[in-house]
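Chemist: The structure follows.
The values are calculated or read from the model by the stated rules, or taken from the named source; none is laboratory data. This is a predicted model, so every value here is computed, not measured. Quick reminder, even Gly has a Cβ in these numbers, built from the backbone with ideal geometry, and neighbours come from all protein chains shown.
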Amino acid sequence: MSVVLSVRDVVKTFGSVRAVDGVSFTVRRGTITGLLGRNGAGKTTTIRMITGIFLPDSGSIEWADNPVNANDRVGYLPEERGLYRTMKIVEYLSFLAEIKNAKTTTAKIEQWLRRFELSDKKGGKIEELSKGNQQKVQLIGALLHDPEFIILDEPQSGLDPVNMVLVRELLQELRAEGRTILLSTHMMAEAERMADDIILVHSGKVVLSGTLEEVRNSFGRNTLHLDFEGDGSFLAELPDVRDASIQINSAEIGLKEGADPQKVLAASIGRLRIRKFELAAPSLEAIFMDKVGAETLENLQ
Amino acid sequence: MNKMFAVLKREYLTTVRKKMFVFMTIFVPVLMAALFLLPGLMVARGIGTKRVAVIDGTGELRSAFTRVNDQAKPDPKKPLARRRGAELPQTIDVDYIDARGHANLKETSQPYLHRISSDDKATKLDAVLVIPPDAFEGPEAKMTFYSRASTDFFTQERLARVANKSIQLRRLSKRGIDADAVDALTREVPIDGVQVSKSGEEKKGGEGNFIIGFLFAALLILPSFVHGVEIMRGIIQEKTDRVVEILISSMSPTELLTGKVTGIALVGLTQISAWLLMTTILGSFGAATAMLAGFNLMQFLRPMVFVYFFVFFLLAYFTYVCVYAIAGAVCNTDKEAQQMIAPVSIIMMLPWFMMLAIITNPDSNLAVIFSMMPVFGPITMFVRTLVSDPPVWHILVSIAVSLVTIALFFKATAKIFRVGILSYGKRPTVPELWRWLKVA
């Protein structure tokens, strides 16, 4: 698949803070790329440079076919609201289409509103909507002009589980249509469900990148994913366990080099009712904690 | 271009639909008329009728202080200036007390003086005028005017005039000169102020011109300040709501700024067009009335005045609006922006504070210099064209200076916009602003 966007060695400094410190990555056409990182990692600043809101101090941002008006083919959902609160929903959406040089019809807007279950609100003003519904209007605004490249900064913030599924399905649909999506998020589980490619940013630097599979497999396939009933707290104390993240009815256990997963199973039998036992690559969250969380904890000490 | 137009359209429609806009458009002319006319009327008429006791030590001036025909109303068709100055005004009610032969006038007047500070509405007096017995002959004779408000010199002046006129008449008739002859001989000749322009046209009534100068100057700058604040707050709102990210990622800052400023300019044009229309309608009634009073209002409002008004309105408007847009771009809250813009607005209002000097001396050095300065130029020049007849090159220089100023301001605003609009956080210092100008 061809590359649509190349970000090369981009630096952005605010005062003495290097918000983005030599970030490089590419985005492949027709994929969903997850831009991951903690709050303040430099995700939003990177996105603002891609959208042309900030100019990078150094480095370059290149679009593949070098279009005259790249911005018109980009749909952008900012991290925070980004809405004219006192405008009517339909008027606001038409305005957004106009500033992207796109022709839009009321019918098209209504179709989108229906899809997002907002039809009954279409006559109202934006400020009358709930936070989640505002987010949905904003998302429609980013998509209304049929962009080829879609940049979403935390699209699922403020959404309930039903709407989260709605958005996830929509993004997958958009990808199926051949559009490219750059998705910034700190919800690892969501990224894991949707992203083809992963870029993990920390303190303004890319610490990890590649396809989701590549990234996960590079951490080996010696992670145990357990679902069970009972008190699993003893699992962390077992001799073959390197690290363990134990929840109420599940656990993700990193095994030591050369350890035999069957020993963990044997130790568990009798103490837990095992419902799932899987040896696989670590979850994105575990990788994230491993790459970013540990360092942060060190810094704190 | 389409994007700019989209911004323009949005800006225009949202502002024009606001209740504030509708309210201002309808009520400002009314308010302004009230503001300009009321104080004048109040001074001219006094607030209600004054009740005055005249204690006449000579006992000979009764006729001067009693109206021959109490029902004689002032004739509105008779120009104010032509009315005889010595008539007792309708708004003064006089209690005449003949105090001839009273040894001690002070004693006689005492009860009346008490009534000045009395609380009883029925007997309360506003003032007491005491005329000494030797008013006709005594070289040192002095009348005394007692009143509650020592600043009510209009009433004092009027009564003094009535008394003096009558005293003079008496003195002359005592020397055997016939009263009618005295009247004829001492008649005052009224004066008309006439403005002469190079084209030779003449217009009368400087006072009218004076008021119209102020009125139009206010109409000229008011929308700039009101909508300037609007644009400033709009930009801050866009920043806090992050709409600006969508805007800036979709168009250039220059497109955005052009759209905004022209949108707001159209709002201003709409408003003043409405005002001028209303003024014309109201004015034609007013002019008719004024004309009856011997005062031709339309002579000041030559068609050229309206052309100049629109030209200088736009120049002033764009200048001010750019300044407000900068404030909006560099500040993060309304409060911060207000603090920043307050001293700047005062400087921009300077011609307004000097308006009296400019209107009364439209061709003085001060007025000429002001009219050719950036920022101060449009309003000063407009007022000069209204009340005087400045050379064409003055007008052209003024317009040129303003155009250059606007171009520079606009460029600077666009640059500051680029950097400032997305710099969340602390308001920049002046050196920082300067750096932005150079860097962007």
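Chemist: Among (1) surrounded by fewer than 24 Cβ atoms within 10 Å (Cβ to Cβ); (2) at pLDDT 80 or above; (3) away from chain A (no Cβ under 14 Å), where does B:Arg233 come up short?
Modeler: The one condition B:Arg233 does not meet is (3).
Chemist: Looking only at the range B:1-24, which residues are in a helix (DSSP H, G or I) and among the basic types (Lys, Arg)? Explain how you work it out, then say what you get.
Modeler: Looking only at the range B:1-24, we keep the residues that are in a helix (DSSP H, G or I), and these are B:2-16, B:19-24.
Answer for the range B:1-24, where residues must be in a helix (DSSP H, G or I) and among the basic types (Lys, Arg): B:Lys3, B:Lys9, B:Arg10, B:Lys19.
Chemist: Quick check on A:Glu80: is it more than 29 Å from A:Asp197 (Cβ to Cβ) and among the acidic types (Asp, Glu)? Explain how you work it out, then say what you get.
Modeler: Details: more than 29 Å from A:Asp197 (Cβ to Cβ): no; among the acidic types (Asp, Glu): yes.
Judged against the criteria, A:Glu80 is not a match.
Chemist: Just checking, which of A:Ala244, A:Ala286 is touching an Asp or Glu at 6+ places or on another chain (Cβ under 8 Å), surrounded by 14 or more Cβ atoms within 10 Å (Cβ to Cβ), without any contact (Cβ under 8 Å) to a residue 12 or more places away in the chain and not hydroxyl-bearing (Ser, Thr, Tyr)?
Modeler: Values: A:Ala286 fails: without any contact (Cβ under 8 Å) to a residue 12 or more places away in the chain.
None of the other options fit; the residue is A:Ala244.
Chemist: Residues of the range A:17-52 being of a type outside the set (A, V, I, L, M) and without any contact (Cβ under 8 Å) to a residue 12 or more places away in the chain, which ones?
Modeler: So in the range A:17-52, the residues of a type outside the set (A, V, I, L, M) come out as A:18, A:21-22, A:24-26, A:28-31, A:33-34, A:37-40, A:42-46, A:48, A:51-52.
Residues satisfying the conditions are A:Gly40, A:Arg48.
Chemist: Kindly check whether there is at least one residue in the range A:218-237 that is part of a strand (DSSP E or B), hydroxyl-bearing (Ser, Thr, Tyr), surrounded by fewer than 18 Cβ atoms within 10 Å (Cβ to Cβ) and modelled with pLDDT of 85 or more.
Modeler: Within the range A:218-237, the first condition is being part of a strand (DSSP E or B), and the residues that meet it are A:223-229.
In the following step, the residues that additionally are hydroxyl-bearing (Ser, Thr, Tyr) were identified as A:223.
Still in the list and also surrounded by fewer than 18 Cβ atoms within 10 Å (Cβ to Cβ): none.
Taking every residue of the range A:218-237 in turn, none turns out to be part of a strand (DSSP E or B), hydroxyl-bearing (Ser, Thr, Tyr), surrounded by fewer than 18 Cβ atoms within 10 Å (Cβ to Cβ) and modelled with pLDDT of 85 or more.
Chemist: On the basis of being under 26 Å from A:Asp9 (Cβ atoms) and surrounded by fewer than 17 Cβ atoms within 10 Å (Cβ to Cβ), does A:Glu214 make the cut?
Modeler: Here the answer is yes, as A:Glu214 does meet what is asked.
Chemist: Residues being at pLDDT 65 or above and surrounded by 13 or more Cβ atoms within 10 Å (Cβ to Cβ): count how many of those fall in the range B:284-305.
Modeler: Qualifying residue count, the range B:284-305: 2.
Chemist: If you don't mind, another one. Specify the residue that is surrounded by the fewest Cβ atoms within 10 Å (Cβ to Cβ); the eligible residues are those in the range B:131-177 that are under 34 Å from the mean Cα position of the chain (by Cα) and part of a loop (DSSP other than H, G, I, E, B).
Modeler: If we take residues in the range B:131-177 being under 34 Å from the mean Cα position of the chain (by Cα) and part of a loop (DSSP other than H, G, I, E, B), then B:Thr151 is surrounded by the fewest Cβ atoms within 10 Å (Cβ to Cβ).
Chemist: Could you go through the range A:20-31 and let me know if any residue there is crowded, with 23+ Cβ neighbours inside 10 Å, of a type in the set (D, E, K, R) and not in a strand (DSSP E or B).
Modeler: No - not one qualifying residue is present in the range A:20-31.
Chemist: Further question: Name the helices (runs of 4 or more DSSP H) wholly within the range B:307-396 that hold at least 2 residues that are buried (at least 22 other Cβ atoms within 10 Å of the Cβ) and touching a Leu at 6+ places or on another chain (Cβ under 9 Å)?
Modeler: Values: elements: B:334-348, B:350-353, B:355-360, B:365-371, B:377-387.
Helices (runs of 4 or more DSSP H) meeting the threshold: B:355-360, B:377-387.
Okay, residues lined up against (1) free of Cβ contacts under 8 Å to residues at least 24 places away in the same chain; (2) under 10 Å from the mean Cα position of the chain (by Cα); (3) buried (at least 16 other Cβ atoms within 10 Å of the Cβ):
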| position | (1), (2), (3) |
| --- | --- |
| A:Ile150 | no, no, yes |
| A:Asp153 | no, yes, yes |
| A:Val167 | no, no, yes |
| A:Glu177 | yes, no, no |
| A:Ser184 | no, yes, yes |
| A:Ala191 | no, yes, yes |
| A:Ile198 | no, yes, yes |
| A:His202 | no, no, yes |
| A:Gly210 | yes, no, no |
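Chemist: Among all residue pairs at least 6 apart or on different chains, which show Cβ distances below 6 Å where the first residue, located in the range A:53-74, is closer than 15 Å to A:Pro147 by Cβ and the second is exposed (fewer than 13 other Cβ atoms within 10 Å of the Cβ) and modelled with pLDDT under 85?
Modeler: none
Chemist: Scan the range A:247-283 for residues that are farther than 22 Å from A:Glu214 by Cβ and touching a residue at least 24 places away in the same chain (Cβ under 8 Å) and report the count. Don't jump to the end; show me each part of the working.
Modeler: The initial filter retains those residues of the range A:247-283 that are farther than 22 Å from A:Glu214 by Cβ, namely A:247-251, A:253, A:256, A:258-277.
The next check asks that each one be touching a residue at least 24 places away in the same chain (Cβ under 8 Å); those that pass are A:250-251, A:253, A:259, A:261, A:263-264, A:267-268, A:271-277.
So the count comes out to 16.
Chemist: Could I ask something else about it? If you take the residues of the range A:18-51 that are closer than 17 Å to A:Pro147 by Cα and hydroxyl-bearing (Ser, Thr, Tyr), which of them is farthest from the chain's Cα centre (by Cα)?
Modeler: Top of the filtered list is A:Thr51.
Chemist: Going by the conditions given, is A:Glu285 modelled with pLDDT of 85 or more and either over 30 Å from A:Met194 (Cα atoms) or charged (D, E, K, R) (or both)? Steps first, please.
Modeler: Working: modelled with pLDDT of 85 or more: no; either over 30 Å from A:Met194 (Cα atoms) or charged (D, E, K, R) (or both): yes.
Answer is no for this residue.
Chemist: Out of (1) within 13 Å of another protein chain (Cβ to nearest Cβ); (2) surrounded by fewer than 17 Cβ atoms within 10 Å (Cβ to Cβ); (3) of a type in the set (Lys, Arg), the odd one out for A:Arg114 is which?
Modeler: (1)
Chemist: Let me ask you something else. B:Glu11: more than 14 Å from every other protein chain (Cβ to nearest Cβ), out of contact with any strand residue (DSSP E or B) (no Cβ under 8 Å at 6 or more places or on another chain), at pLDDT 60 or above and buried (at least 16 other Cβ atoms within 10 Å of the Cβ), yes or no? Working first, answer last.
Modeler: Working: more than 14 Å from every other protein chain (Cβ to nearest Cβ): no; out of contact with any strand residue (DSSP E or B) (no Cβ under 8 Å at 6 or more places or on another chain): yes; at pLDDT 60 or above: yes; buried (at least 16 other Cβ atoms within 10 Å of the Cβ): yes.
So B:Glu11 fails the test.
Chemist: Here is a further query. Looking at A:Ser60, A:Ser16, which one is surrounded by fewer than 16 Cβ atoms within 10 Å (Cβ to Cβ) and within 14 Å of chain B (Cβ to nearest Cβ)? Lay out the reasoning, then the answer.
Modeler: On the way: A:Ser60 fails: within 14 Å of chain B (Cβ to nearest Cβ).
The unique qualifying residue is A:Ser16.
Chemist: With the requirement that a residue be of a type in the set (A, V, I, L, M, F, W, C) and under 13 Å from B:Thr262 (Cβ atoms), what does the range B:1-29 give you? Spell out how you get there, then give the answer.
Modeler: Initial filter on the range B:1-29 (of a type in the set (A, V, I, L, M, F, W, C)): B:1, B:4-8, B:13, B:16, B:20-24, B:26-28.
B:Met1, B:Met4, B:Phe5, B:Ala6, B:Val7, B:Leu8 - these are the residues of the range B:1-29 that are of a type in the set (A, V, I, L, M, F, W, C) and under 13 Å from B:Thr262 (Cβ atoms).
Chemist: Please specify each residue of the range B:244-270 satisfying the condition of being of a type in the set (Val, Ile, Thr) and at pLDDT below 85. Spell out how you get there, then give the answer.
Modeler: Taking the range B:244-270 first, the residues of a type in the set (Val, Ile, Thr) are B:244, B:246, B:248, B:254, B:258, B:261-262, B:264, B:267, B:270.
Answer for the range B:244-270, where residues must be of a type in the set (Val, Ile, Thr) and at pLDDT below 85: B:Val244, B:Ile248, B:Thr254.
Chemist: With the requirement that a residue be part of a loop (DSSP other than H, G, I, E, B) and either more than 7 Å from chain A (Cβ to nearest Cβ) or within 16 Å of B:Cys331 (Cα to Cα) (or both), what does the range B:236-250 give you?
Modeler: Pass one, the range B:236-250, residues part of a loop (DSSP other than H, G, I, E, B): B:241-242, B:249-250.
Answer for the range B:236-250, where residues must be part of a loop (DSSP other than H, G, I, E, B) and either more than 7 Å from chain A (Cβ to nearest Cβ) or within 16 Å of B:Cys331 (Cα to Cα) (or both): B:Asp241, B:Arg242.
Chemist: Then there's this: Just checking, does the range A:95-103 include any residue being out of contact with any strand residue (DSSP E or B) (no Cβ under 7 Å at 6 or more places or on another chain), farther than 25 Å from B:Glu11 by Cβ and without any contact (Cβ under 8 Å) to a residue 24 or more places away in the chain? Break it down stepwise before answering.
Modeler: Filtering the range A:95-103 for residues out of contact with any strand residue (DSSP E or B) (no Cβ under 7 Å at 6 or more places or on another chain) gives A:95-103.
With farther than 25 Å from B:Glu11 by Cβ added as a condition, the list becomes none.
Among the residues of the range A:95-103, not one is out of contact with any strand residue (DSSP E or B) (no Cβ under 7 Å at 6 or more places or on another chain), farther than 25 Å from B:Glu11 by Cβ and without any contact (Cβ under 8 Å) to a residue 24 or more places away in the chain, which makes the answer no.
Chemist: Here's something else I'd like to know. With A:Lys88, A:Lys103, A:Lys43, A:Lys108 as the choices, which residue is more than 11 Å from every other protein chain (Cβ to nearest Cβ) and farther than 30 Å from A:Val292 by Cα?
Modeler: Of the residues listed, the single one that is more than 11 Å from every other protein chain (Cβ to nearest Cβ) and farther than 30 Å from A:Val292 by Cα is A:Lys108.
Chemist: Another question, then. I'd like to verify a number: residues in the range A:63-82 that are farther than 20 Å from A:Leu183 by Cα and either within 12 Å of another protein chain (Cβ to nearest Cβ) or modelled with pLDDT of 90 or more (or both), how many? It would help to see each step written out before you state the result.
Modeler: Kept after step one, since they are farther than 20 Å from A:Leu183 by Cα, are these residues of the range A:63-82: A:65-69.
If we keep only those that are either within 12 Å of another protein chain (Cβ to nearest Cβ) or modelled with pLDDT of 90 or more (or both) as well, we get A:69.
Total meeting the criteria: 1.
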